[in-house]
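Values quoted throughout were computed directly from the atomic coordinates according to the rules given, and no laboratory measurement underlies them. No experiment lies behind these values; they were computed from the predicted model shown. For neighbour counting, all protein chains shown are included, and Cβ atoms are generated from backbone atoms with ideal geometry for every residue, glycine included.
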Amino acid sequence: MHQLTLAEIARGLADKKFSSEELTKVLLARIAQLDPQLNSFISLTEDLALKQAKAADARRANGESGALLGAPIAHKDLFCTQGIRTSCGSKMLDNFKAPYDATVVAKLAAAGAVTLGKTNMDEFAMGSANESSYYGAVKNPWNLEHVPGGSSGGSAAAVAARLLPAATGTDTGGSIRQPAALTNLTGLKPTYGRVSRWGMIAYASSLDQGGPMARTAEDCAILLQGMAGFDPNDSTSIDEPVPDYSASLNGSLQGLRIGVPKEYFSAGLDPRIAELIHNSIKELEKLGAVIKEISLPNMQHAIPAYYVIAPAEASSNLSRFDGVRFGYRCENPVNLIDLYKRSRGEGFGPEVQRRIMVGAYALSAGYYDAYYLKAQKIRRLIKNDFMVAFNEVDIILGPTTPNPAWKLGAKNSDPVAAYLEDVYTITANLAGLPGLSMPAGFVDGLPVGVQLLAPYFQEGRLLNVAHQYQLNTDWHTRTPTGF
Ligand code: GLN
């Protein structure tokens, strides 16, 4: 039963082959048995899951239907869940029980999804390896000595190991697409403003976006349907109708114009990944797509711009964790300054502290123009590059990451080496564009992802291309040994 996709689960539940309660029990037992190897969950919510599963079964018995009704999922542990710990992977919030549900959590619960637990993540979503979590590193089910990617590494590892069919993630600079690529999943970062950020603990507010992680594009369509939509509680949410994503899957790719940026294949890309990306291009050509070389000339400036803007926003967002209002508070403070200093010094891990310092520095008087303002100008140039490219092509295609999953600990002493892994993903966040990663093959037994980018609100087009590709390839069906 654990091999079923969301789409297959929906059919099985509709045909009464099994109940949501039965399925939920199977998956909870599987998590108990296998997750100690992976560490993909921070909290399990067995009681809630069984209650939600029974309620979903009752709704189906009353004639209700719906692709998510009774479907088991998990949430990255930065989506607030009422009465349940929402840690953000940090000691700072280890004792924090959210007083309300995030919009995404509430919408999925209303659609009948069953929450099995909260997944592990890099602390405050800062990282690309899931090694900065206060709850320990997550292991990649494809090779337990390697990282699963980050920051949504727990969601990725759990879904890849068939502990559950799908999970939510968030993507500020690649945290849905990169772990999806490194664990052989399909992951979608929607257009900025498509999915509500209300109740999603903020890292960099102008870049953060929640989205689905699953094995197939078909399942991402189902999960995104439950997540997307206007939310008056989020001032950056966009009031744009949500199309039927599942209905968009079956369009023909005949004549689809795919742009391949020449900058994507420069030094730094593992040549074995380049070869797999070229194979995926050939596959899409067979399906009728037309390939065109394009240029994104400002791409080289993306990493420095992102690593100014994201820390700047983080330093501001994380100022609320001060030991006073909620979260960790140090023992026996002698005065207010001591309380702030020690609560933050003891509550935040090293990567979070590094970013707060970088961000505060970049925003400080005298440096603001040189760093923050400059980075914002680069951001606009990067967006303009995409606008020019999308005048000529319908989709942009390239690798999701320059390398496959690295060994645990391999980049710990050199944060910049880890930052460079984000080179292909962060431009979509800087421009606010939707992007998807899907399985494209293996290097040394480790999965490789191909990334697709589309114009604003064209999530349906991304899902369509990925689904057609998946009907003609079987990379996404491969299961890691031992799971
Ligand atoms: N790796 C990037 C960072 O560390 C992206 C993280 C994310 O998307 N949350 O900032």
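Lys/Arg Cβ at +1, Asp/Glu Cβ at -1, dipole of segment 325-483 taken about the Cα centre: which of 347, 442, 388 is farthest positive-ward?
Toward the positive end, the furthest listed residue is 347.
Please give the charge dipole size of segment 1-153, origin at the Cα centre, charges +1 on K and R Cβ atoms and -1 on D and E Cβ atoms. Round to the nearest 20 debye.
My answer is approximately 380 debye.
Please identify the GluC sites (Glu not before Pro) of segment 1-107 that satisfy two criteria: DSSP loop assignment and at most 15 other Cβ atoms within 10 Å. Which are they?
Passing sites in segment 1-107 are 64.
How high is the relative contact order of the chain? Use alpha-carbon pairs under 8 Å, at least six apart in sequence, and give a whole percent.
This gives 18 percent for the chain.
For a quick check of your reading of the filter: which GluC sites (Glu not before Pro) in segment 309-380 sit in a DSSP loop and have no more than 13 other Cβ atoms within 10 Å?
Here the sparse-neighbourhood loop sites are 331.
Using only Cα atoms, locate the centre of segment 400-422 and the centre of segment 100-144, then give the distance between them in Å, rounded to an integer.
20 Å
Defining a contact as two alpha carbons under 8 Å apart and six or more residues distant in sequence, what relative contact order in percent does segment 256-395 show?
37 percent
Go through 25/118; 91/139; 189/286; 17/76; 76/341 and tell me which ones have a Cα-Cα distance over 24 Å in this structure.
Over 24 Å Cα-Cα: 189/286; 17/76; 76/341.
Fewest first, what order do 430, 336, 253 take by the number of other Cβ atoms within 10 Å?
By the 10 Å Cβ count, ascending, the order reads 336, 253, 430.
Tell me which of 306, 372, 335 sits at the most positive position along the dipole axis of segment 291-418, charges placed on C-beta atoms (Lys, Arg +1; Asp, Glu -1).
335
Give me, ordered by chain and number, the residues 5 or more places off residue 114 or on other chains with an amide H under 5 Å from its own placed amide H.
For residue 114, the qualifying residues are 70, 71, 73.
Hull surface divided by four, with the convex hull built on the Cα atoms of the chain: how many nm²?
Spelled out: convex hull of the Cα atoms, projected over all directions, averaged, 21.5 nm².
What FRET efficiency comes out for the pair residue 292/residue 361, r = Cβ-Cβ distance, R0 = 35 Å, nearest 0.05?
0.25
Can you spot the lysines whose alpha carbon is less than 16 Å from residue 262's alpha carbon? Ignore those fewer than 8 places along the same chain.
Residue 262 reaches 292.
If you place +1 on the Cβ of every Lys and Arg, -1 on the Cβ of every Asp and Glu, and leave all else neutral, what size is the dipole of the chain about its Cα centre, to the nearest 20 Debye?
Dipole magnitude for the chain comes out near 340 debye.
Under a cut-off of 12 Å between alpha-carbon atoms, report the aspartates and glutamates in cross-link reach of residue 107, not counting same-chain residues fewer than 8 places apart.
The qualifying aspartates and glutamates are 231.
Given the DSSP H assignment, sum -39500 (n - 2.57) over each helix run of at least 4 residues in the chain and divide by its residue total; what's the result at 222 nm in deg cm²/dmol, nearest 500?
-11500 deg cm²/dmol
Using the Cα centre of the chain as origin and beta-carbon charges of +1 (Lys, Arg) and -1 (Asp, Glu), tell me which of 402, 470, 79 is placed farthest towards the positive end of the dipole.
Farthest towards the positive end: 79.
Once you charge only the Cβ atoms, +1 for Lys and Arg and -1 for Asp and Glu, what is the size of the charge dipole of segment 169-312 about its Cα centre, to the nearest 20 debye?
Its charge dipole is roughly 340 debye.
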